[in-house]
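In what follows, a single structure is set out as structure tokens and then discussed.
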Amino acid sequence: MSQKKPGRNDPCPCGSGKKYKVCHAAQDRASAPPPSVPVHRHQEASFLATKGRQRQADGSYPMFALERFGQLLAEWGPEPRLRFKPDAFDGFVNTHLARLTDEEATDAASMYQALFMGWMRELGAEQAGIFLTGLALETLNRSQQPGQSREDQGVLGAVSRLSLKANRPKGLRLEDHPIIKVVFDVQFREWRARHKEWLEKHEALLDESKLTEQAREALKQAREGNVDALMNFVKEDPELAERIAREAKERAGRVEAKLREASTPPVFAPEEELWLTCVLWEPMQALKGLPPGSEPAVRREAVTALLRGVKGALDEDFLAGMLGRMREKAQDASLDEALRAWYTDASIAFEAEPARMALAALLTARQEAAGRSAEEMVALADLKALTTWTPESFEPYRTLLVQMGLPASAERIARCQEWLKTHPVALRAAAE
């Protein structure tokens, strides 16, 4: 996209003779990156000396620190407290970006700024303040985790302090807050990546030369930001819906086949695996305990109870953490191409059918979740050697996770303990 794009009804600069809006407008929008966060460059030592308590003499913030914070956010993925609420953010962008692209002679930087300011109005000062407070606690937590470099500890500590209301410079409006801008930039880039991937997958199913006028219009609207238009069209087109459903079924089959291989890494973290075991223990034992030749209705009821349990266990935090790890692995250059492709397939399949795929992983996966340290591996082995699980038996493991700087994991174990107060797990029955 050029700095100043043509009007939608102007001739396309490519010389095709077509109007810009029907020729290269969609392609320009898809390829134009959002502008970088507007900051000035300073030396690293200068930033660490100020510790993020105030702006520099020229009123700016050090570029290296904000750039590094943005990199860390992208590496960690869309976890709670690190992003604006995903549903609200995505809904806002879907609606407002489509409206902005209809305006004449709007350049990329202006569109991006208008989108950011619109989101700030949508969010409101109170919700923005609540978000920054949560971000402050999360970044402080992560700055104290083992393995962080000294520079990253300094950056995260400063971000945490600057995010707290008491430490904000006087006169700093929320829409000018550098941390807010970094989070918005990262989350918008993620939205663009998902949006582009979704369109590419659906466009791969289509031969535009054979599409009806209604189908071409729906696809055009989707390219311009109105994804719902294409989704609604797909639902109304039985042939296209059938092709998409078939592709989803084939993908799920590939993922399940790979799960059964002994070399496939586990998809769950240790605390997630323990949580699923606790919550699903009773319905799983009920299904396994059915005598041979049980009536189909009885077996269906047992399977339904198990599926209900899985759906109840897969809360929003659980899914966000699991899918975030899969997407991160799909981009990990240290893994071979086949495994990265599988992680991509798995993230799509688990997001589409979380309960069914999670149950498949529990029943067919060959590898159990491994500890992230030698101490954690010992604690997990101790837990699995017990004959009965109670809230007290999980306390040493929860304490260890807190010491390891994994508060979200520790919270998941605390939920296990709450569950075990009324649903103790008798592992001996499984051994016998």
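Structure summary
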| item | result |
| --- | --- |
| Cross-chain or 6+ apart pairs with Cβ under 7 Å, the stretch 280-308 first and under 26 Å from residue 389 (Cβ atoms), then part of a loop (DSSP other than H, G, I, E, B) and open to solvent by less than 60 Å² (accessible area, probe 1.4 Å) | 282/423; 302/290 |
| Of all residues making up the stretch 59-72, the number that are within 10 Å of residue 159 (Cβ to Cβ) and either modelled with pLDDT of 80 or more or touching a Lys or Arg at 6+ places or on another chain (Cβ under 9 Å) (or both) | 4 |
| Scope the stretch 137-166; condition part of a loop (DSSP other than H, G, I, E, B) and either open to solvent by less than 30 Å² (accessible area, probe 1.4 Å) or aliphatic (A, V, I, L, M) (or both); matching residues | 164 |
| Test: residue in the stretch 326-342 that is more than 23 Å from residue 71 (Cα to Cα), touching a Lys or Arg at 6+ places or on another chain (Cβ under 7 Å) and buried (at least 16 other Cβ atoms within 10 Å of the Cβ) | yes |
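The values are calculated or read from the model by the stated rules, or taken from the named source; none is laboratory data. All values reported here derive from a predicted model rather than from experimental measurement. We place every Cβ from the backbone using ideal geometry, glycine too, and count neighbours over all the protein chains shown. For the accessible areas, the whole protein counts, side chains as well, though only heavy atoms, and no ligand, DNA or RNA atoms are used. Shrake-Rupley method; radii C 1.70, N 1.55, O 1.52, S 1.80 Å.
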